[in-house]
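The values are calculated or read from the model by the stated rules, or taken from the named source; none is laboratory data. Remember, predicted model here, so these are calculated numbers, not experimental data. Here the Cβ positions follow ideal geometry from the backbone for every residue, glycine too, while neighbour counts run over all protein chains shown.
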Amino acid sequence: MASPSSNATNWDPLGANSPAGRALVILRPENAAAKLAFSEVVDFIQEQTHRDDENLVRIQSHYAQFFWFADEQVSDPAVTRLVNQRRSVGSSSPSSSSEHSSPPVTIWTGFYFLDPDTSPLIHSLGWSGGRLSKKNVALGQPVVDLLLTISRKTQLARRHAFISFSKETQMACVSLDFGDSAVINNTSVSSQGSTVACANAENSISLGDLRYTLEYTPHCRRSEGQARLRDYLTAIHDDDQPTKEALLATPTPTMNAQTIGRTPSLRPAWSAGAPSDECGRQLPIREKIEVIKSISQIATMERQTNILTCVESIHMGGNIHEFHIVLEPFVDITLDKVPLQTHRTKLELILRDCLQGLSFLHAHDFVHTDIKPTNIGLVNLRLDHAHNEASSELPPRPLRAVLLDLDSIEKIHHWRKTIPARPGTNGTIGFHSPEHESSEYDGRTDVWALDVSLFRVAFGRLPWSFGTQGNPWKRDVSDRAPGRISFHSKYRAAITEISNQERLLGAALCEFLLAAFLFPLSEIPSQKAVRPSSARCLSSLLRASSSLRAREAKSHKEPASQETEQGRPSKRLAES
């Protein structure tokens, strides 16, 4: 039982000295029924009538570990109305109606909390929540961890649901046990074992007629809390954990919108890493799915393998708002992990694949809008051999680049040729082309972003960064002059550096790096032109690269599946 001293002032229930100070999430009663039920639970825990009953004391001690309550009761108008309504319904006398004023009802206020240091009854399933079982009280055996109500008149089962943490996303998740239903952020769960992730900073959870808000605590967002959560999950799942790369591939929490990640399931997901600067998106989730399916179908027909594709969408529990999407391929190496000394021939392969993926999207009037190193996946790349020249012989498992994060894709409607700029609504600021936030854009904004990404790999740094005002080309920035002066200076330095590295990088890469940074407002005369399309860049790359031409020639001569004379696959599977 966690309560502050009555002498405390300005008590912070989540402060370092509070029993809940190391909690990762809290569950706060939201509606009148949940508040009243919580107060009745506190009364039950504080009951002193039968303190000689060891079984009762054991039960009370267990439940008291998982909640905090204030030291004084308060009156609550909503709870008062609820109590009066129940009295009115339960009375046969007309005189007991609400026309006679009743004194305000006072309740205990507080919340439940989940702290890995206080283990749940069923460690592998998480913290269980439900109603009191008098039979188990008599036996001294608690049924749940979070005692949500002592009343049998509610719609709660004795063990209604579990709250746990996903090993893949490290998010809090709610799953049904013996309860009939649960609703998490408007997503219904009606079958045992079905799980819904709590993707928002504050999440609405309804269990029967009781409604709560699940909140991630400040401690959970700090490095210490993240480390404790990882240790807790490791203790449960041992080494069966996703890689660090896979966790970082998962988007950060969002306050408002669901996000499609790069893991095989389409669920709001978050990483324990630092927040990103990606702009939120508000498209309805069903519309996103239809776009992904449409692109995947076209890609399959055209045998396009350089974009992430949808294999299957699975609706859960008969509710259209709860689903999984299976995407392929799954990658845990992205372009940002490629070492600085990667051989130029492998960079040419990566660039070719990215341009093939973009050319496909642009040909069908789609714009990715968020090309960056973490959104370019790499399949069959051995990082320890990245510095070696790519072989002209095509291995059975060749290096392949895949464009990720289909959530960001936008459609150019048939009556337009461009998309009007909407500053601050999509993409990642440091990779925006000048027109992306100033006027209107098409697929060539992706070409610019790909150039920034490739520059980052080739030179080990971004060509420029923006200050607190963001993109200097953003049309709603009040004083754009200082930012643009700084940009032009860094832009000129980047163009000079590219031109000076042709011997190291090769003509093919340098030609792309210069062409993709063309824009009409450049202060460098040779760069003051319209940027070429992805298809044109691809054509120029294939023409300029002798390595890619040799590979193309080999691929047309050799069968798709390379085998040894014994009919078994060659040992040299991945790019080395």
ask   = Mind checking which pairs have a first residue in region 79-90 that is within 16 Å of Ile107 (Cα to Cα) and a second that is in a helix (DSSP H, G or I) and among the hydroxyl-bearing types (Ser, Thr, Tyr), Cβ under 9 Å, 6 or more apart or different chains?
value = Val79/Ser39
message = For the list (1) part of a helix (DSSP H, G or I); (2) under 29 Å from the mean Cα position of the chain (by Cα), I need the number of the one condition that Glu348 fails.
response = (2)
query = So, in region 184-205, of the ones that are surrounded by 19 or more Cβ atoms within 10 Å (Cβ to Cβ) and among the aliphatic types (A, V, I, L, M), which residue ends up farthest from Ala23 (Cα to Cα)?
reply = Val189
note = In region 152-165, anything touching a strand residue (DSSP E or B) at 6+ places or on another chain (Cβ under 9 Å) and surrounded by fewer than 19 Cβ atoms within 10 Å (Cβ to Cβ) is listed as Arg152, Gln155, Arg158
message = Could you go through region 560-568 and let me know if any residue there is modelled with pLDDT under 90, exposed (fewer than 13 other Cβ atoms within 10 Å of the Cβ) and among the aliphatic types (A, V, I, L, M).
response = yes
query = Got a number for residues in region 162-210 being assigned to a strand (DSSP E or B) and either modelled with pLDDT of 85 or more or not assigned by TED's automatic domain parsing to the domain that holds Arg230 (or both)?
reply = 19
query = Just checking, how many residues over region 387-411 are modelled with pLDDT of 90 or more and in contact with a Pro (Cβ under 9 Å, 6 or more places away or on another chain)?
reply = 3
query = When you go through Glu348, Glu440, Glu435, Glu389 one by one, which is the residue that is closer than 22 Å to Arg536 by Cβ and surrounded by fewer than 16 Cβ atoms within 10 Å (Cβ to Cβ)?
reply = Glu440
task = With respect to Asp446, determine if the residue is more than 30 Å from Ser489 (Cβ to Cβ) and part of a helix (DSSP H, G or I).
result = no
request  = Considering only residues that are touching a Cys at 6+ places or on another chain (Cβ under 8 Å) and within 17 Å of Val379 (Cβ to Cβ), look in region 320-347 and name the one that is modelled with the highest pLDDT.
outcome  = Leu327
ask   = Residue check: is Arg152 among the basic types (Lys, Arg) and more than 18 Å from Glu30 (Cα to Cα)?
value = yes
message = Six or more apart or on different chains, Cβ atoms under 9 Å: show the pairs whose first residue is in region 531-550 and closer than 24 Å to Pro434 by Cβ and in contact (Cβ under 8 Å) with a residue 12 or more places away in the chain and whose second is of a type in the set (A, V, I, L, M, F, W, C) and assigned to a loop (DSSP other than H, G, I, E, B).
response = Arg531/Ala516; Arg531/Phe517; Arg531/Leu518; Arg531/Phe519; Pro532/Ala516; Pro532/Leu518; Cys537/Ala516
request  = Run down Ser39, Ser61 and say which single residue is at pLDDT 85 or above and buried (at least 19 other Cβ atoms within 10 Å of the Cβ).
outcome  = Ser39
remark   = Filtering region 354-373 down to residues that are of a type in the set (Asp, Glu) and either within 10 Å of Ile307 (Cβ to Cβ) or surrounded by fewer than 23 Cβ atoms within 10 Å (Cβ to Cβ) (or both) yields Asp365
task = Give the number of residues within region 428-443 that are part of a strand (DSSP E or B) and not polar (S, T, N, Q).
result = 2
ask   = When you go through Thr243, Thr213 one by one, which is the residue that is among the β-branched types (Val, Ile, Thr) and modelled with pLDDT of 85 or more?
value = Thr213
query = Could you list, in sequence order, the residues of region 397-412 that are over 20 Å from Leu351 (Cα atoms) and part of a loop (DSSP other than H, G, I, E, B)?
reply = Ile412
query = Hey, among the residues in region 274-307 that are modelled with pLDDT of 90 or more, surrounded by 12 or more Cβ atoms within 10 Å (Cβ to Cβ) and not in a helix (DSSP H, G or I), which one's nearest to the chain's Cα centre (by Cα)?
reply = Ile307
request  = Could you tell me whether Ser438 is under 28 Å from Leu404 (Cα atoms), of a type in the set (Gly, Ala, Ser), modelled with pLDDT of 90 or more and assigned by TED's automatic domain parsing to the domain that holds Leu358?
outcome  = no
